[in-house]
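Down below is the structure, laid out as structure tokens.
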Amino acid sequence: MDVDIGNALASVASPGISREALDRLDERVGQAHERIETGRENHEHGYAALNLPERTDPDEIRRAVDPVADAEALITIGIGGSALGAATIVDALEGDTEMVFLDNVDPEWVTSRLESVPLAETAINVVSKSGTTAETLANFLVVRDAFEAAGVDWTERTIVTTGEAGPLSDLAERHDLPKLRVPDGVPGRFSALSPVGMVAAAVAGHDLEALLEGARTEAESLSGSLFECPAYAYGATTYALDGRGAGINAMIPYAESLETYAEWFAQLWAESLGKDDLGQTPVRALGVTDQHSQLQLYRAGPRDKLVTFVAPRERSDRAIPDTEVEELAYLGDSTLGELLEAEFEATEASLAAAGRPNVRVELETVDEYELGGLLYGMEASCVLAGELYSVNAFNQPAVEWAKNATRGLLGGGEFAEADAVAEKTTLRVER
Ligand SMILES: O=P(O)(O)OC[C@H]1O[C@](O)(CO)[C@@H](O)[C@@H]1O
């Protein structure tokens with residue numbers, strides 16, 4: 001990925017960062033880079049994720065999915081980092097396999113998703129690093145039951161990706177299911193380039209080597225200066241802008257295929273950096289669609305936002321047909337791609353003209369190689385930002401709190417957090 005931070009400079013935007021401040025920040029980037037490299041060399045928790053391009057074995061993943069390689073549909077059961085990386089990859093790339101992601105336990109929705117696929121031709125991909133996440137395990141039990149009710153042997157059609165030990169690992173062994181490991185030291189939201197994110201891509205027949213190669217190229221660009229490393233330029237700029245008042249980061253891909261990527265980014269940014277009363281709030285949007293719903297706020301609302309555009313330089317295109325309507329004649333000389341490109345450029349310029357900071361992240365196109373680079377680049381940006389904020393980017397204690405409370409409420413053990421639910425303050429207003 002390439003990054004253009006020009007529109008985040010103080011000479012363009014407010015809040016913005018001056019060139020002098022950026023130079024000073026670059027010294028801290030150099031120190032952070034050394035810390036990151038040490039973490040990678042020692043395979044420390046979290047930092048180890050940046051070694052995935054070298055560690056992930058595409059052949060192992062393909063062997064595991066081989067029994068279901070001709071499935072018409074794949075149901076991936078996982079949540080958060082155990083779903084969003086895989087969903088980002090398969091939503092971004094064209095594939096013939098119908099993809100269903102069960103990352104919610106809304107019963108009506110789960111039922112409708114299950115009814116949308118031919119179970120006898122469908123494979124199951126269960127993903128949970130801990131092997132204990134209530135939503136994932138509950139959905140798996142529901143899916144298993146639906147397969148049994150339809151007379152389909154789920155054990156022939158299920159792949160499990162999980163940690164070394166735990167209930168899901170035991171279950172895989174009991175039923176002799178193909179099992180892939182969530183690599184050690186890799187938190188869920190940093191695991192897209194491991195079996196966690198790549199099983200679905202393998203079933204869809206995507207080029208796993210190219211995904212990893214794109215990530216490897218990005219890894220090779222990590223260096224001690226933000227001016228030489230797009231990932232660090234992004235991480236350092238967002239950190240600097242947050243410190244100057246842009247506490248919201250609106251991620252706007254200008255490609256429908258990258259809509260899920262914005263969801264993945266939101267988890268990465270929120271769960272990694274939202275600590276110790278710090279962190280930038282990620283917002284998801286989509287170009288051009290959300291120009292007509294959110295842009296007004298981004299250009300004229302409070303000066304508390306950084307807008308991040310992600311745009312491919314190349315895409316397949318479609319001509320806009322000529323028309324007899326005179327006022328629309330100008331469209332007939334263009335393509336949908338040119339219209340989208342013009343809207344992107346215009347939106348970027350409109351924000352800059354209003355002094356609103358924005359950053360452009362460019363991809364060559366949306367393919368496996370570029371996607372691997374984007375995922376890796378944003379992970380490295382996030383790790384760098386974590387260093388600059390001095391927070392642990394690799395844990396999520398606040399999420400664990402609610403997980404414990406839920407288990408306590410369902411009788412899954414004694415959890416003090418569950419007591420807080422009964423202590424809720426109410427001020428009801430009724431009809
Ligand atoms: O893979 P697991 O253990 O099921 O966890 C799923 C998700 O739950 C979290 O721990 C918290 O929501 C995420 O970090 C993680 O991606």
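Bear in mind these aren't lab numbers, they're just calculated from the coordinates by the rules spelled out. Values in this document were obtained by computation on a predicted structure and should not be read as measured data. Quick reminder, even Gly has a Cβ in these numbers, built from the backbone with ideal geometry, and neighbours come from all protein chains shown.
Observations, loosely collected:
- Rounded if a/c under 1.5, otherwise prolate or oblate - the stretch 252-312, Cα gyration tensor axes: oblate
- Hypothetical label at Ala416: residues of the stretch 384-410 whose amide nitrogen lies under 17 Å (7 Å Cα-Cβ projection): 397-409
- Membrane-span-like helices in the chain, defined here as complete DSSP H runs extending at least 30 Å along the helix axis by their C-alpha atoms with mean Kyte-Doolittle hydropathy no lower than -0.5, are 368-389; this is a sequence and geometry rule, not a statement about a membrane.
- Note on the chain: helix-only mean residue ellipticity at 222 nm, from DSSP H runs of 4+ residues weighted -39500 (n - 2.57) and normalised by residue number, equals -14000 deg cm²/dmol.
- Kirkwood-Stokes translational diffusion coefficient of the chain, alpha-carbon pairs, 10 °C, 1.306 mPa s, µm²/s: 69 µm²/s
- Cα shape, the stretch 50-206, gyration tensor, a/c 1.5 rule: rounded
- Take every pair of alpha-carbon atoms less than 8 Å apart whose residues are at least six positions apart; their mean separation over the length of the chain yields a relative contact order of 23 percent.
- Contact order normalised by residue count of the stretch 184-320, Cα under 8 Å, 6+ apart, percent: 24 percent
- Euclidean distance between Cα centres, the stretch 91-122 to the stretch 32-48, Å: 37 Å
- Computed extension gain for Asp106 through Glu20, at 0.36 nm per residue and net of the alpha carbon distance, reaches 25.9 nm.
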